[in-house]
Structure formats: C-alpha cells, structure tokens
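Asker: The following block contains the structure, expressed as structure tokens.
Bear in mind these aren't lab numbers, they're just calculated from the coordinates by the rules spelled out. Note that the structure is a prediction, hence the values are computed from the model and not measured. Please note: Cβ atoms are built from the backbone with ideal geometry, for glycine as well, and neighbour counts cover all protein chains shown.
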Amino acid sequence: MTEQTNPPVARRTPLKDAITVIDGLPCSLPGQETVALEACAGRISAMAIQPAHPFAQERRALADGYALAGLETVGASPYNPLSFRLLGSAAPGTPFPGSLAPNTAVRIAMGAMLPPGADAVLTPDAAQQRGDRIDVFDATGPGAWTDAGTASRPGSDAPLFPAPRRLRAFDLALLAAQGLQELTVRRQPRVRILVMSMQPSVIDAKPSSAMDPIDATGPMLRALVTRDGGLVEECIGLDGDAAGLRDQLGQPGADLILTVGGTGMGFNDCTVSVAKDLGRLLFHGVNLRPGESVAAAALPFAPAILLPGHPVAAAGAYECLAARLVRLLAGRAPDWPDPPRRVRLARKISSALGVTDWCRVRFLDTETVEPLPLSGPPSLPQLAQADGFFLIPPESEGHAPDSMVDIQAYS
C-alpha cells in the first residue's frame, strides 16, 4: 500500500469548463514525416499539395462513348433521333487526326483527347451505331463526361489540396493518378498509456480459484487513440507502483500521457497526487457520470489526462475529454468527426440535476435506440453493447419515451 494518497476533490468542474481547459492547451506539434501514399488516409497534410505534372490542356474523355458538339444533340429523343456521321476513333495515345465538322462524331475511349470541334462525350447507351452513322436518342451538353472544370488548368498555381487537409481515400485516387507515391504529412502525436489499476477477470471461475487481475482498459485506449489520429508510443502496466508512475510521468518523448486508475480516494490512489507534485493540476473531478474522478495536469514534458480506473468510467472520460486533445494534437477538429444522428428513444431515461450523463445507447432498429442504464455500478458488458452515446446536460432530468435525441454513433 502506498503512503501517498490523492488530495480530496474540493469541487467538481462542470464538463463544459473542463472542455474549455482541454481545448486551450498548446496543440501545435513540431515535425513532419514522409509517408507512402497508401498509408496517408486519415493523415493531415503538412503543406499544400501541388500537381506533380501539369494537366493536359486538351480535354479528355471520362468515359467511353462518342465525342461530339454537345449543343448539336439538343432535341434528340427516342421519338426524334438525330443522325451524326461517324468519322473515326480516338484512344489514349492515339488521338483522332482531324477536326469535327457539324453533325459529326468520333468513337472515343476513356482517357483519350477530344478532337477539335468536340466538347462533350455521349455515352453508348444514348446512341445506336448503324454503319458509319450513329442515331442519338438523348441530349447532352458541353463538358459532359469530360475533364473540363474538374481539375486545375495549366498555368494556374492553385494546389490540388491546400494545407492542412485530412486526407481521404478519394483524395488518394487523384494523387495516385498524378503519379505521387508519397506525401509529407504532420507527425502523429505520440501517446503514452500508463495503467495503474488492473481489473478483476470477468471469466466465470469457482470462488476458490485465484484469477490474476488483467488490463482491460489498455487495449480499448489503444484503439481509441488510433481512431483519433494518435500513435500509442507504449502501454505500461504499473499496477499501483507510485515510484514507477513518477518516473514515467517525468520522462520526455510523449506528446500526451494517459493514465488509468488511481484518481479516486481509495487507499492506493495516488495518481493525482504524483502528477500534482511533478507539474500543475488543471482540474480534478468533473460533473460527468461515469468518469467523475478524471483529472488533467500540465507536466514538464507533456499534458496528462488522468482517467478513472474502471474501463467504463475511463471510456466516458476519454470520449468527453481526452479524445478532444488527441484530435487537436493530430491536427484535426476537436469535436466528434461524424455528424450526429437523430433517433427516437424507446424508453424513458432519468438523469440527476447537476451532472452530465454520458448515456450509452444500442440500436433497436435504424431509427430507434434503447438507452442503457445510468444507475448502478458501471457494466463492461453493457459498454460493449453500446452502438453510440449522447450527453444529458446537467440542467436536464432526462428524456421521456419517444423523445428525439442526437447521438454519436459508433462505426
């Protein structure tokens, strides 16, 4: 048993005030790295991404079909087909050698340059070929199925993407088409996880069986940190070792430290006290349920979020506070990345005034959710059942059945 224990919580900080503290921490990380293009989805670009090669001045076809003048197809319909003379064909690397006269067309393959006189591509299902002529059954317009207006033109200094930008899978397609194989991106924040509290096993064992405590929270936090753009440097199990905690909190190398456990008033709880000795305590205790004993500290080398020991309480405190800091350090917006989803509550949920409840829900169908219990001991199986969550503010006593609420759904 350690001789050092946490100081008592003088008052619980409102969640909105704790969020203001978190959002106000320095979040600009030095350094960048070059990463293979296929590993760039979700990363933040470190600089504006310029085209690797100039775009072709000539328009190119974005589909197989017939190159022609779009306005000449006005009025075409199955009842009034318009006839065009077919002059030849064009393929990538083998352009049509001439120009189009009025009411003529060229069979064209995707990626080929449009010949002079053509400004649109008519898809094959809109025409029928008869020898050296095509009958057009549907009208198109200038620019249809061409790259006109879809990319920066030559002579423009506009980048493909300005910085910073969180890169998406669709962005990688354009960058790969430009011949780019790697990009310079912001460095991911390095996160150190220190687990002070292990959990009893949930394996059904005979009362006489001795089950070693396990780290149930570390794997969860690794996944959450990765989701939010962080890089877990290491996850160290300390199991109440105050000296080991002091040593790890004082070590450089991490951009953020997450501790698990030791934030309450138990006999062995010392995490807050140790952090206070090493740096400046920003808050201890938040009106959040579960997660009331969460704390934050500014340490010599990195900020630290001190999470409660129970996995459910740690999850609530992480989602409401620590996740924001990870995302900010990663160069992302601090709020939940996906838009809220409006759903109906299947039953009543009661909340206590003065407390922000982190209410987990599970889907009954695509538009209806069941709120999971807020009272009683936090349940790890119930956490695993959750499909999303919403916050019940401290001024609310809950929601009636059939109320509409906005939830953050887990993917």
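Asker: Please give me the summed charge of the neighbours of Arg187: other residues whose Cβ is under 13 Å from its Cβ, Lys and Arg +1, Asp and Glu -1.
Answerer: On the way: positive: Arg43, Arg186, Arg190; negative: Glu33, Glu233, Asp255.
Within the 13 Å Cβ shell, the charges total 0.
Asker: Something else: Using θ = phi - 60° and the Karplus form 6.51 cos²θ - 1.76 cosθ + 1.60, what ³J(HN,Hα) does each residue of the range 133-144 get, whole Hz, x for Gly and Pro?
Answerer: For the range 133-144, the Karplus curve yields 9, 10, 9, 9, 9, 8, 7, 10, x, x, x, 4 Hz.
Asker: Give me the net charge of Ser83's neighbourhood, meaning all other residues with Cβ under 10 Å from the Cβ of Ser83; Lys, Arg count +1, Asp, Glu -1.
Answerer: Details: positive: Arg85, Arg130, Arg133; negative: Asp135.
Net charge in that neighbourhood comes out at +2.
Asker: Right, here's the next one. So who's got an amide H within less than 5 Å of the one on Gly88, skipping anything under 5 residues away but keeping other chains? H placed 1.01 Å off N, in plane.
Answerer: Excluding prolines and chain starts, which carry no amide H, the hits are Arg107.
Asker: What value in Å³ per residue do you get for the convex hull of the alpha-carbon atoms in the range 271-315?
Answerer: Details: hull volume 2.7 nm³, N = 45.
Convex hull of Cα atoms, per residue: 59 Å³.
Asker: Between Leu364 and Ala158, what's the calculated FRET efficiency when r is the beta-carbon distance and R0 is 60 Å? Round to 0.05. The partial results should precede the final answer.
Answerer: Numbers: r = 48 Å, r/R0 = 0.81.
Step by step, r from the Cβ atoms, then E = 0.80.
Asker: Long-range amide H contacts for Leu282: which residues qualify at under 5 Å (H placed 1.01 Å from N, peptide plane, sequence gap of 5 or more or a different chain)?
Answerer: Ala296, Ala297, Ala298
Asker: Still on this structure: With the dipole of the chain worked out from charges on the C-beta (+1 for Lys and Arg, -1 for Asp and Glu) around the Cα centre, which of Thr94, Ala46, Ala63 lies farthest toward the positive end?
Answerer: The residue sitting farthest along the positive end of the dipole is Thr94.
Asker: Which residues make up the longest stretch of the chain clear of chymotrypsin sites (Phe, Trp or Tyr not before Pro) that lie in a DSSP loop with no more than 10 other Cβ atoms within 10 Å, not counting the sites? Mind showing how you got there, number by number?
Answerer: Values: sites that count: Tyr79, Phe267.
With chymotrypsin sites (Phe, Trp or Tyr not before Pro) excluded where exposed in loops, the chain gives 80-266 as its longest stretch.
Asker: With the alpha-carbon atoms as the only input, what is the per residue convex hull volume for the range 65-136 in Å³?
Answerer: 72 Å³
Asker: Kindly write out, for the range 285-295 in residue order, the coupling ³J(HN,Hα) from the Karplus curve 6.51 cos²θ - 1.76 cosθ + 1.60 (θ = phi - 60°), rounded to whole Hz, with x marking Gly and Pro.
Answerer: Going residue by residue, I get x, 10, 6, 10, 10, x, x, 4, 8, 4, 9 Hz, with x marking Gly and Pro.
Asker: So, one more: List every residue whose amide H lies under 5 Å from the amide H of Thr368, counting only residues 5 or more places away in sequence or on a different chain, with H placed 1.01 Å from N in the peptide plane.
Answerer: Arg344
Asker: Also, quick follow-up: Length gain on complete extension for the stretch Asp241 to Ala333, per 0.36 nm per residue less the alpha carbon to alpha carbon distance?
Answerer: Values: separation 92, 0.36 × 92 = 33.12 nm, distance 3.55 nm.
Result: 29.6 nm gained on full extension.
Asker: Right, another one. Considering only the other residues whose Cβ falls under 14 Å of the Cβ of Asp17, what net charge follows from Lys and Arg at +1 and Asp and Glu at -1?
Answerer: Working: positive: Arg11, Arg12, Lys16, Arg324; negative: Asp23.
Combined, the nearby Lys, Arg, Asp and Glu give +3.
Asker: Using the beta-carbon distance between Ser350 and Leu29 and R0 = 30 Å, what value does 1/(1 + (r/R0)^6) give for FRET efficiency, to the nearest 0.05?
Answerer: Using R0 = 30 Å, I get an efficiency of 0.10.
Asker: From the residues Leu194, Leu258, Gly179, which one has its Cα farthest along the dipole of the chain in the positive direction, the dipole being from +1 and -1 charges on Cβ of Lys/Arg and Asp/Glu about the Cα centre?
Answerer: Towards the positive end, the residue furthest out is Gly179.
Asker: Okay, moving on. Could you give me the ³J(HN,Hα) list for the range 15-20, computed from phi with Karplus coefficients 6.51, -1.76, 1.60 and θ = phi - 60°, whole Hz, x at Gly and Pro?
Answerer: 4, 4, 6, 5, 5, 4
Asker: So how strong a dipole does the range 341-409 carry about its Cα centre when Lys and Arg Cβ are +1 and Asp and Glu Cβ are -1, to the nearest 20 debye? Intermediate results must be reported in sequence, preceding the final value.
Answerer: On the way: 7 positive and 9 negative charges, 23 e Å.
The dipole magnitude comes to about 120 debye.
Asker: Shifting gears a bit: With just the Cα atoms defining each centre, how far is the range 238-281 from the range 88-144? Give it in Å.
Answerer: The range 238-281 and the range 88-144 have Cα centres spaced 70 Å from each other.
Asker: Hey, another quick one. Below 8 Å, C-alpha to C-alpha, sequence gap of six or more: please give me the relative contact order for the range 227-329 in percent. Walk me through the numbers on the way to the answer.
Answerer: Details: 174 pairs, mean separation 28.7, N = 103.
Contact order relative to length: 28 percent.
Asker: What's the magnitude of the charge dipole for the chain around its Cα centre, counting Lys and Arg as +1 and Asp and Glu as -1 at the beta-carbon? Answer in Debye, nearest 20. Don't jump to the answer; show the numbers that get you there.
Answerer: Numbers: 35 positive and 42 negative charges, 91 e Å.
Result for the chain is approximately 440 debye, rounded to the nearest 20.
Asker: Let me ask something additional. If you look at just the Cα atoms of the chain, how large are its Rg and its Dmax in Å?
Answerer: Gyration radius and largest Cα-Cα distance of the chain: 30.1, 95 Å.
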